[in-house]
Structures are given as C-alpha cells and as structure tokens.
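Below you'll find the structure, written out as structure tokens, and then a few comments.
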Amino acid sequence: MTEPDAGDFAEMALALHEEPDVEQTLERVVEYAQQATVCDDAGLMLLHGGGRIETTVATDPRVGKADELQTTLEEGPSRAAVEVRSSVLVEDTATDPRWPAWGPQAAELGLRSVLSVRLHTGNTTLGTLNLYGHRPGMFDDDDTDVAEIFGRHASIALASAREEDGLRQAIGARHLIGLAQGILMERYGLDADRAFAVLRRYSRNSNVKLRVVAERIIATGRLPDEP
C-alpha cells in the first residue's frame with residue numbers, strides 16, 4: 001500500500017472537519033484510519049469521566065470485543081496509551097508479556113498486532129485510535145509515525161465536533177427556556193426574571209434539568225405539577 005503524503009492528510013483533515021456531528025466524525029476517523037495505515041481493522045475508544053474508556057466505533061465486532069476485554073481485565077494497549085500518554089505497539093498479542101490476560105484472548109479473536117495511538121489536544125486525552133492486524137509483526141515504526149500524524153488530525157477534528165455539538169445543545173436549551181419563560185409570563189403575569197426563577201425552582205425541587213422542565217411547560221402550557 002502507498003504511504004499517504006501531505007496532500008492525502010490535508011484532504012482527510014478537511015473531510016473530518018466537514019462532518020456534521022460527533023458521531024459521523026468518529027465513523028469517518030475509523031474509515032480514514034484504514035486508508036492511511038496498513039491495518040486490517042480499527043476501533044475508536046473515548047475517555048469519559050472517572051477514567052472510564054469505551055469503544056464508540058469499530059470496523060468489526062471482534063474489535064469491540066477486544067476493547068471490551070481491556071475494560072473488563074483492566075489491561076491492554078489502549079489503557080496503557082492513556083496512562084503513559086504515548087502510542088503503544090504490540091508485535092504479537094499472543095506472546096507480549098505486558099498483558100498476560102488480555103493478549104492471549106485478543107489473539108484468539110484473530111487480532112495479533114495492535115497499534116494504539118493516543119488522541120489528545122494539549123494535555124487533554126480524548127481517547128485512543130486502535131489499529132489491528134490479523135498477523136504478528138504487522139506494524140513498524142513508520143506505521144506508528146503515520147498513525148500519529150493521522151491521530152493529530154483526528155484529535156483536532158473530534159475536539160472541534162464535540163465543541164460544536166455542545167454549542168448546538170446549549171443554544172437549543174436556551175431557546176427552549178426562553179419559550180417556557182414566555183409561557184409563564186403570559187399565563188401568570190410574571191416578568192422575565194420571575195419566570196426564570198420559577199423554572200429554576202422547579203428544576204431544583206424535582207432534581208430535573210432546566211431544559212426538561214422547559215420542555216414540559218412548552219408541551220402542556222402549564223407548570224409540571226399544576227392540575
């Protein structure tokens with residue numbers, strides 16, 4: 001396979017940034033990872049609160065299974081990449097001594113080589129891009145270099161998609177809250193500040209997000225506990 005050049009990476013980066021949401025960005029990352037490297041399969045694990053890491057996209061069910069085993073067994077290259085904040089290369093899962101429980105089980109799944117690349121922006125770890133080969137010794141230092149370059153593009157695109165998605169949700173929430181305020185102002189003769197105070201009080205008392213309270217008021221035209 002021909003190694004991608006700067007032009008190829010530029011086209012991939014542009015395409016990643018043009019994806020409309022986080023989900024499609026993730027899918028395109030995995031798709032391009034297969035094009036940019038010699039891997040047979042690829043998967044993407046994202047880091048969540050409390051250090052929890054889980055697979056979000058995979059090209060084959062056994063990739064998801066191998067990633068799930070890393071979480072269950074609390075060992076494996078993806079977890080190591082997050083901990084050491086660097087890429088991790090596995091020549092042969094069947095014989096690598098670093099993960100005596102995970103390695104043989106990954107090998108049984110037919111995943112013999114692994115390259116886990118940390119996805120990050122600055123000091124913030126987003127997750128890992130995991131490339132799998134069906135035979136031992138499939139990846140070398142050149143493959144690691146290519147995967148890390150692609151990983152940097154993917155990290156920026158993923159961070160941007162998350163930020164845009166968060167902004168869209170925030171804008172949507174503000175719109176709903178504004179509509180609910182208007183309903184309360186008209187129905188009860190409240191000003192904007194008093195209407196917002198009522199929304200916030202119902203949110204706190206019922207332990208429900210402000211957006212959800214607003215949605216209920218918009219749907220019913222009244223406060224949630226009003227008959």
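The values are calculated or read from the model by the stated rules, or taken from the named source; none is laboratory data. Fair warning: this is a prediction, and the values are worked out from it, not measured in the lab. Note: ideal-geometry Cβ built from the backbone for every residue, glycine included; neighbour counts use all protein chains shown. Heads up: the accessible areas ignore ligands, DNA and RNA and are worked out on the full protein's heavy atoms, side chains in. Shrake-Rupley method; radii C 1.70, N 1.55, O 1.52, S 1.80 Å.
To the nearest 0.05, how large is the calculated FRET efficiency for Thr95 and Gln34 if R₀ is 22 Å and r is the Cβ-Cβ distance?
On the way: r = 25 Å, r/R0 = 1.16.
Efficiency computed from Cβ-Cβ geometry: 0.30.
Note on Arg211: accessible area approximately 90 square angstrom, rounded to 10, probe 1.4 Å, nucleic acids and ligands left out.
As a test of reading the structure, rank Asp191, Asp141 by solvent-accessible area (1.4 Å probe, protein chains only), most first.
Largest accessible area first, the residues go Asp141, Asp191.
Accessible-area rank, largest first, for His175, His134: His175, His134, with all protein chains present and a 1.4 angstrom probe. Does the range 52-99 come out rounded, prolate or oblate by the C-alpha gyration tensor, with a ≥ b ≥ c the root eigenvalues, rounded set by a/c under 1.5 and, if not, prolate when a/b is larger than b/c and oblate if not? It is oblate, given that a/c is not under 1.5 and a/b is not larger than b/c.
Inverting the mean 1/r over all pairs of different Cα atoms, compute the Kirkwood radius of the range 72-115 and quote it in Å. Please list the in-between numbers first.
Working: mean 1/r = 0.0968 Å⁻¹.
With all distinct Cα pairs of the range 72-115 included, I get 10.3 Å.
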